[in-house]
1. Which whole-number percentage describes the relative contact order of the chain, with Cα contacts under 8 Å and a sequence gap of 6 or more?
2. Using alpha-carbon pairs under 8 Å, 6+ residues apart, how would you state the relative contact order of segment 7-80 in percent?
3. GLU165: net charge of surrounding residues, Cβ under 14 Å, Lys/Arg +1, Asp/Glu -1, itself excluded?
4. Taking every pair of alpha-carbon atoms in segment 56-196, what share in percent sits in each 5 Å bin, from 0 to the bin with the longest distance?
5. Would you work out what percent of the accessible area of segment 114-196, with all protein chains in place, is carbon or sulfur (probe 1.4 Å)?
6. How large is ³J(HN,Hα) for each residue in segment 42-55, as worked out from phi by the Karplus curve 6.51 cos²θ - 1.76 cosθ + 1.60 (θ = phi - 60°), to whole Hz, x for Gly and Pro?
7. Tell me, what is the per residue accessible area of the chain in Å², probe radius 1.4 Å?
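The values are calculated or read from the model by the stated rules, or taken from the named source; none is laboratory data. All values derive from a computational prediction rather than experimental measurement. Here the Cβ positions follow ideal geometry from the backbone for every residue, glycine too, while neighbour counts run over all protein chains shown. Only protein heavy atoms, including side chains, enter the accessible area calculation; ligands, DNA and RNA are left aside. Shrake-Rupley method; radii C 1.70, N 1.55, O 1.52, S 1.80 Å.
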Amino acid sequence: MRREHSIEPAYFEALYKDRGDPWHFETSAYEAAKYDATLAALPGDRFANALEVGCANGVLTTRLAQRCDSLLAVDVSDTALTAARARCGAQSNVRVKRRRLPAEAPDGAFDLVLLSEVVYYWDSADISRLADYLRTAVLPGGHVLLVHWIGETDYPKSGDDAVAELQVALGEAVTVVRSDRYDAYRLDLWRFGAAG
């Protein structure tokens, strides 16, 4: 049975407090391979100003930061953010902040937004709000990279439905650059503005 509303921050905070690394980002071969694929899918070698939504404990953040002049990494769990700050502490180009999107979306203009394993936590109203935010936050020619588990969950959306709903909400604002399916997840890259 799917949840009807966006998942509250307390859910994630409880997971991190109780389990430390609830999805085994630090140790899972699956996660490492998925991170490799995520970074390989990036549409350029370098990004001026990137936003990572749902940075968790910063395992992917520290790798993504190597490709960014400036990276804002956000999450809703204070416990996860403490781990992310410790992991990325030596990287002066990384800022780690507590933000709940889309309600607490950060200011800024980004040439890359990474939405890895997050959109399916939101209900339709929040996905629509997220689309509105992305229209103003992503620079023309900038990219949004989405990565989502496609197995069964009790989240408000499946991975496939979350991506499809956000794409419909964005409409002609984005062009699909790639849409790849793996055994357990999908990876989608969209470009804002005209194709090219």
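1. Details: 372 pairs, mean separation 39.2, N = 196.
Relative contact order for the chain comes out at 20 percent.
2. Answer for segment 7-80 is 39 percent.
3. Numbers: positive: ARG2, ARG129, LYS157, ARG186; negative: ASP123, ASP126, ASP132, ASP160, ASP161, ASP188.
Local net charge: -2.
4. The distribution over segment 56-196 is 2, 10, 19, 22, 22, 17, 7, 1, 0, given as percents.
5. Values: 1750 of 3470 Å².
Roughly 51 percent, rounded to a whole number.
6. 4, x, x, 7, 8, 10, 6, 8, 10, 10, 10, 9, x, 6
7. Computed with neighbouring chains in place, this is 46 Å² per residue.
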